[in-house]
1. Restricting to segment 33-57, and then to whatever is over 14 Å from the mean Cα position of the chain (by Cα) and either at pLDDT 95 or above or of a type in the set (D, E, K, R) (or both), can you tell me which residue is farthest from Pro103 (Cα to Cα)?
2. If you check Glu34 against the conditions, is it open to solvent by 50 Å² or more (accessible area, probe 1.4 Å), more than 16 Å from the ligand (Cβ to nearest atom) and at negative phi?
3. Specify the residue that is farthest from Asp159 (Cα to Cα); the eligible residues are those in segment 29-59 that are part of a helix (DSSP H, G or I) and touching a Leu at 6+ places or on another chain (Cβ under 6 Å).
4. Hey, among the residues in segment 91-105 that are more than 19 Å from Lys64 (Cα to Cα) and within 16 Å of the ligand (Cβ to nearest atom), which one's farthest from the chain's Cα centre (by Cα)?
5. Within segment 112-140, can you find the residues that are more than 16 Å from the ligand (Cβ to nearest atom), outside any strand (DSSP E or B) and open to solvent by 20 Å² or more (accessible area, probe 1.4 Å)?
6. For segment 55-62, check the following and say yes or no: at least one residue is surrounded by fewer than 18 Cβ atoms within 10 Å (Cβ to Cβ) and out of contact with any His (no Cβ under 7 Å at 6 or more places or on another chain).
7. Given (1) more than 8 Å from the ligand (Cβ to nearest atom); (2) open to solvent by 50 Å² or more (accessible area, probe 1.4 Å), where does Gly108 come up short, assuming only one miss?
8. Here is a check on your reading of the model: is Cys142 within 19 Å of the chain's Cα centre (by Cα), of a type outside the set (D, E, K, R) and within 28 Å of Arg33 (Cβ to Cβ)?
Amino acid sequence: MAGKIKKAMPRVVFQRLGRLYEQMEEAYAGIAREMGFTCMDCPENCCTSYFRHHTRVEWAYFLKGLEQCAPELRTRIISRARDYVVQMDRDLKQGRKPDSMCPVNENGLCMLYSHRLMICRLHGVPTVHTRPDGQQLEFPGCFRSVEKTGDLREYPKLDRTLFYRELAGLEQAFVGPKIKSLPRVDLTLAEMIVMGLPKLSA
Ligand code: SF4
């Protein structure tokens, strides 16, 4: 992993991100309770999903967690992340959607659960969000959620709109005024791990 998280890293932004993550988890748990949804005994592990992430603040927060974990675990995660990226590139070149296990997962469990990214916290139940242009988008959730809900209208949906808005604000606060000059982030967690800390200047 390139570099270390600097002491000057914006603690307040990370604290706010931690709170936002808690709110996401509470909202998710509420919807799951309402619809009687659980991941228990699921035949799939959604940590093989091809998740892509889009903020530097989540990227840096996750790497902070990685930096704090036991050195042996960190070494294993980084090594698996490198393998993941090689396999991912191979899959994409051959026109396949990557489905390798996330490098952070060991024996079916997330090893950095408290630092996992937004999509890891929201994937599963049906969701909805309203884009800045007013268009509303709905997602049925994972395959198990689809099996359960059938007709989505009868089920509650987790509204991601405020979460996205708050995360965008945190990204702005984390990156600062240079945000407009930086390329868009569109990376898997494995790529983030291999690349090290996000660059905050062009
Ligand atoms: S970070 Fe954790 S929860 Fe997210 S995909 Fe990886 S192992 Fe699963």
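1. So the first thing to find is which residues in segment 33-57 are over 14 Å from the mean Cα position of the chain (by Cα), and the list is 33-45.
Those still in the list that are either at pLDDT 95 or above or of a type in the set (D, E, K, R) (or both) too: 33-34, 41, 44.
Numbers: Arg33: 30, Glu34: 32, Asp41: 22, Glu44: 16 Å.
Among those that are over 14 Å from the mean Cα position of the chain (by Cα) and either at pLDDT 95 or above or of a type in the set (D, E, K, R) (or both), it is Glu34.
2. Details: open to solvent by 50 Å² or more (accessible area, probe 1.4 Å): yes; more than 16 Å from the ligand (Cβ to nearest atom): yes; at negative phi: yes.
Taking the combined requirement at face value, the residue satisfies it.
3. Pass one, segment 29-59, residues part of a helix (DSSP H, G or I): 29-35, 46-48, 56-59.
With touching a Leu at 6+ places or on another chain (Cβ under 6 Å) added as a condition, the list becomes 31, 57-58.
Details: Ile31: 10, Val57: 21, Glu58: 20 Å.
Checked segment 29-59; the qualifying residue farthest from Asp159 (Cα to Cα) is Val57.
4. Within segment 91-105, the first condition is being more than 19 Å from Lys64 (Cα to Cα), and the residues that meet it are 91-101.
Next cut, within 16 Å of the ligand (Cβ to nearest atom) only: 97-101.
Numbers: Lys97: 18, Pro98: 16, Asp99: 16, Ser100: 16, Met101: 14 Å.
Among them, the one singled out is Lys97.
5. Going through segment 112-140, the residues more than 16 Å from the ligand (Cβ to nearest atom) turn out to be 126-140.
Next, only the ones that are outside any strand (DSSP E or B) stay: 126, 131-135, 140.
Correct list: Arg131, Pro132, Asp133, Gly134, Gln135, Pro140.
6. Filtering segment 55-62 down to residues surrounded by fewer than 18 Cβ atoms within 10 Å (Cβ to Cβ) leaves none.
For segment 55-62, residues surrounded by fewer than 18 Cβ atoms within 10 Å (Cβ to Cβ) and out of contact with any His (no Cβ under 7 Å at 6 or more places or on another chain): absent.
7. For Gly108, the exception is condition (2).
8. Numbers: within 19 Å of the chain's Cα centre (by Cα): yes; of a type outside the set (D, E, K, R): yes; within 28 Å of Arg33 (Cβ to Cβ): yes.
Yes.
The values are calculated or read from the model by the stated rules, or taken from the named source; none is laboratory data. Everything quoted here is computed from the prediction, not taken from an experiment. For neighbour counting, all protein chains shown are included, and Cβ atoms are generated from backbone atoms with ideal geometry for every residue, glycine included. Please note that ligands, DNA and RNA were not included when accessible areas were found on the heavy atoms of the full protein model with its side chains. Shrake-Rupley method; radii C 1.70, N 1.55, O 1.52, S 1.80 Å.
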